[in-house]
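Notes to accompany the following structure.
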Amino acid sequence: MSDPDSPQAPFPFSTPKVVEDHGPRGEVRQRALQEELRSLIDVVGPGPLVDLLLERAFDLGATDIHFDPREDGLYIRLRVDGILHDILQLSPTTTPQVISRLKLMAGMDITERRYAQDGHISNAVLKGRRDIRVGGCPTIHGERLVLRLMPDTGVYTSLDDLGFEAEQASLVKKFVGAPYGMMLSVGPVGSGKSTTMYSCLELLNEPGRSLVTIEDPVERRLTGVNQIQIEPKINFNFADALRGALRQDPDVIMVGEIRDPETAHIAVRAGLTGIRVLSTLHANETTATIDVFRDFGIPPMFIADSLNCVISQRLLRKICSHSNETYHPDEATCHFLGIDPARAGEVNLRKGIPSDANFHTGYAGRTGVFEVLPVDAETREAILHNRAGKEIQRLAMERGMMTLEQAGKKKVLDGVTSIEEIHRVLLFSA
């Protein structure tokens with residue numbers, strides 16, 4: 001990775017026109033972007049075209065760029081707020097040049113098109129401290145590339161800005177301050193788990209503490225934190241890095257992800273020996289984490305004694321602040337939200353209006369929705385008795401735990417998101 005203290009390299013292409021700015025994140029109009037790129041296809045080479053596309057993708061807050069080959073050319077799509085949007089179609093004659101340009105930038109073998117490759121575009125050729133991870137794979141119509149745009153290292157999201165309800169945020173801060181033990185954030189890929197853990201880590205980032213992260217890859221560079229990047233190509237994995245970090249007098253360790261039994265065992269033991277451990281895990285619910293740890297072969301006593309708090313989370317699109325309208329809920333919506341239908345006329349909900357400012361979706365930006373499980377005395381007792389995850393969840397709800405669905409409904413009532421978004425993200429399998 002490039003030196004974060006090196007001078008910023010100028011972006012290699014000066015754009016010919018200014019794209020309008022909309023909203024706090026600087027949303028670029030979809031149609032304006034499409035027209036801008038189309039106007040350049042025939043007058044510039046693949047290099048400037050790719051450079052402009054990358055710059056605009058960062059401006060939009062996109063997380064991924066897909067280059068999908070098909071029989072009639074290369075389709076380019078941006079993932080914004082979790083949804084893919086068509087941006088441009090390139091002809092079959094232009095496609096090889098664009099793919100080669102991207103592979104060169106990523107340090108990949110441009111002559112090899114038969115197997116999957118990984119690459120990395122460093123900030124040396126981009127504006128600011130931004131890295132891009134590149135994954136390539138052959139398809140029946142040619143090579144497909146997907147670019148993952150890493151977060152801006154200069155942008156920090158505080159715990160209070162992630163979307164926690166006030167009581168949830170208070171609980172999380174309480175357990176972040178615990179002298180030892182493990183805090184986990186769980187959820188599917190792309191649900192914001194790492195951002196939550198970074199926010200918790202920042203609360204602990206003080207000169208009097210030794211902080212270490214183990215990541216794949218390092219997503220944000222933090223001053224005052226010793227950050228380790230694993231390297232699977234040389235068999236330097238999470239478990240090896242964690243063992244090494246434990247020999248270096250850490251107070252806090254953040255493990256990017258617990259993927260296997262070995263890493264889980266080491267992390268649990270670290271939490272039992274006076275170290276604060278932050279990590280993420282793929283599990284759908286807070287209590288499903290306990291079942292995953294059992295599958296990893298961790299004894300119930302160790303799970304109960306090491307876990308302090310588990311956070312389950314998802315990301316919901318927010319209603320566009322520039323294009324929206326209010327409405328009164330119908331009877332079915334009232335029943336879903338727990339509102340007396342007789343009071344429907346007193347309740348104002350919001351919905352977005354599709355427009356150029358929001359990619360014609362009615363949404364702009366995302367917020368987190370959370371379920372926070374404190375591992376208290378009752379939960380520990382249930383774990384020790386090998387109670388099923390569903391039963392532990394029921395016990396937690398009886399003691400007042402707000403579920404993901406309940407938190408999502410509150411955001412609908414607060415005018416942050418919509419009923420449709422709750423069904424799309426939280427209730428799809430129902």
Where a ≥ b ≥ c are the square roots of the eigenvalues of the C-alpha gyration tensor, would you call the range 45-88 rounded, which needs a/c under 1.5, or, failing that, prolate if a/b is larger than b/c, or oblate?
-> oblate
Roughly how many debye, to the nearest 20, is the charge dipole of the chain about its Cα centre, given +1 on each Lys and Arg Cβ, -1 on each Asp and Glu Cβ, and no other charges?
-> 280
May I ask what percent, to the nearest 5, of DSSP beta bridges between residues of the range 159-425 are antiparallel?
-> 40
Whole-Å distance, taken between Cα centres, linking the range 60-92 and the range 141-209 | 28
What span do the alpha-carbon atoms of the range 43-123 cover on each of the three principal axes, reported in whole Å from largest to smallest?
-> 34, 30, 27
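Across the chain, how many lysine pairs, 8 or more positions apart or on different chains, have C-alpha atoms separated by under 17 Å? Please give the number.
Value for the chain: 8.
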Per-peptide average of other Cβ atoms within 10 Å, ordering 358-368, 213-223, 166-176 highest first = 358-368, 213-223, 166-176
Averaged over all directions, how much area does the convex hull of the C-alpha atoms of the range 203-351 cover when projected, in nm²?
-> 14.0
Taking the alpha-carbon centroid of each part, what is the distance from the range 328-352 to the range 372-430 in angstrom?
-> 22
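Going by a ≥ b ≥ c, the root eigenvalues of the Cα gyration tensor, does the range 305-420 fall in the rounded group (a/c under 1.5), the prolate group (a/b larger than b/c) or the oblate group?
Since a/c reaches 1.5 but b/c is at least a/b, the shape of the range 305-420 is classed as oblate.
Bear in mind that the values in this text are calculations on the coordinates, not laboratory data. Quick caveat: nothing in here was measured; it's all calculated off a predicted structure. Positions of Cβ are generated from backbone atoms using ideal geometry, with glycine treated the same way; all protein chains shown enter the neighbour counts.
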